[in-house]
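Everything on this sheet refers to the single structure shown next.
The values are calculated or read from the model by the stated rules, or taken from the named source; none is laboratory data. A quick note: this is a predicted structure, and the numbers were derived from the prediction, not measured. All Cβ positions, even for glycine, are placed from backbone atoms using ideal geometry, and neighbour counts span all protein chains on display. With ligands, DNA and RNA removed, areas are computed over all heavy atoms of the protein, side chains included. Shrake-Rupley method; radii C 1.70, N 1.55, O 1.52, S 1.80 Å.
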Amino acid sequence: YNNMVEDDDEFKDGFYIPDNVYIIGTMNDIDRGVEAMDFAIRRRFAWKEVTAEDSAKKMGIADDVQKVMEELNKALLKQRLTEAHFIGGAYFLKLSEDKNYGKLWDNHLKGIITEYFRGEPDGPDKLNEIKAAYDIAVEAQTKKADTSTENPTTES
């Protein structure tokens with residue numbers, strides 16, 4: 001198609017990427033279903049694993065929210081999932097300013113976790129156990145936040 005580009009077009013000599021632009025792609029472990037393509041992609045690029053905790057820290061997720069994320073991921077481990085299934089900071093960026101954890105669960109977390117157990121007869125039970133652990137973590141962080149606002153420390 002290069003012969004269709006007009007002479008005054010900046011791409012006349014072809015498409016290019018400036019030296020100061022980096023293309024960064026991401027792939028979750030569980031997205032690695034297409035084996036041949038996956039191998040071809042993995043051998044052509046440099047990879048650096050970013051853990052759920054790393055992602056939350058780099059994204060500036062608040063400590064109390066990170067605690068909820070950590071407890072959720074511990075609950076996933078208890079259901080025999082691996083760290084490849086961990087929920088990272090990007091999901092918790094969707095948490096609204098009012099910290100509506102219920103909305104976060106309903107609109108974002110529940111769907112992906114349901115997929116983890118699709119087709120398993122005890123999948124709904126596992127989902128309920130993970131939800132219970134999530135709710136406990138949310139309640140603990142909410143109580144901690146309420147206590148700190150009720151009894152603020154004063155400087156003497």
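Scanning region 51-78 for residues that are more than 15 Å from Ala137 (Cβ to Cβ), touching a helix residue (DSSP H, G or I) at 6+ places or on another chain (Cβ under 8 Å) and not in a helix (DSSP H, G or I) yields Thr51, Met59. Among residues of region 53-75 that are on the phi > 0 side of the Ramachandran plot, those with a beta-carbon under 9 Å from a residue that is open to solvent by less than 60 Å² (accessible area, probe 1.4 Å) and not polar (S, T, N, Q) at least six positions away or on a different chain give the pairs Gly60/Gly89.
Inspection of region 106-117 identifies no residue that is touching a helix residue (DSSP H, G or I) at 6+ places or on another chain (Cβ under 6 Å) and of a type in the set (D, E, K, R). Looking across region 41-87, the residues that are closer than 27 Å to Tyr22 by Cα and of a type in the set (Val, Ile, Thr) come down to Ile41, Val50, Thr51, Ile61, Ile87.
From the residues in region 84-119 that are of a type in the set (Lys, Arg) and closer than 27 Å to Asp146 by Cβ, which one is nearest to the chain's Cα centre (by Cα)? Filtering first and then ranking leaves Lys94. Within region 8-50, which residues are of a type in the set (Asp, Glu), part of a loop (DSSP other than H, G, I, E, B) and at pLDDT below 80? Within region 8-50, Asp9, Glu10, Asp13 qualify.
When region 72-83 is limited to residues that are more than 14 Å from the chain's Cα centre (by Cα) and not polar (S, T, N, Q), the one that is nearest to Ala132 (Cα to Cα) turns out to be Ala75. In region 85-100 there is no residue that is charged (D, E, K, R), open to solvent by 60 Å² or more (accessible area, probe 1.4 Å) and not in a loop (DSSP other than H, G, I, E, B).
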